[in-house]
Amino acid sequence: MGIVGSVRNVTATLRFRTPGRGLMEITGEVRAWLEGQQVTTGLLTLFCRHTSASLIVQENAARAVRADLENYFAWIAPEDPSRYEHNDEGLDDMPAHIRTALTGIHLSIPVSGGRMTLGTWQGVYLFEHRRRAHEREVALHLIGD
């Protein structure tokens, strides 16, 4: 068994301005970058370079899913100063770290036919956990042929 094509490693960083707390779909931006890489089969890794925002693959058809997720995280990680010691950047600081710990900062998505192999109703989301808008960076690494 030998290598048929040449394996490529490609990296980039995408920057996003979040509107504040909530899920921001970034599938289109990631897809556009991927299409320019000329890799047919491989693995795409996304890494959020922050401790108060995360990455998830989630339903992209019904907006109510995003609202329900936000409401659930507000319930499990409320802005209650009596619950946390850490509040260096405000009441939403520690709840944002908890949300990130629960959801994660990286994704691995297979690439086939030059496209992410997401399901029909799946999208890639940057999940902002802070109330105010932020500049966020997502590092991308693609390996494949």
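No lab work stands behind these numbers, since they all come straight from the coordinates. Every value quoted in this text rests on a predicted model; they were computed, and no experiment measured them. We place every Cβ from the backbone using ideal geometry, glycine too, and count neighbours over all the protein chains shown.
Give a quick list of trypsin sites (Lys or Arg not before Pro) in the stretch 1-91 that DSSP marks as loop, anything other than H, G, I, E or B, with at most 13 other Cβ atoms within 10 Å. Answer by residue number: Arg49, Arg83. Kirkwood radius for the stretch 60-145, taken over all pairs of different Cα atoms as the inverse mean of 1/r, rounds to 15.4 Å.
Taking the Cα centre of the chain as origin and assigning +1 to Lys and Arg Cβ atoms and -1 to Asp and Glu Cβ atoms, the resulting dipole is close to 360 debye.
For the chain, state the semi-axes of the equivalent ellipsoid (square roots of 5 times the eigenvalues of the alpha-carbon gyration tensor), sorted largest first and rounded to whole angstrom.
33, 16, 12
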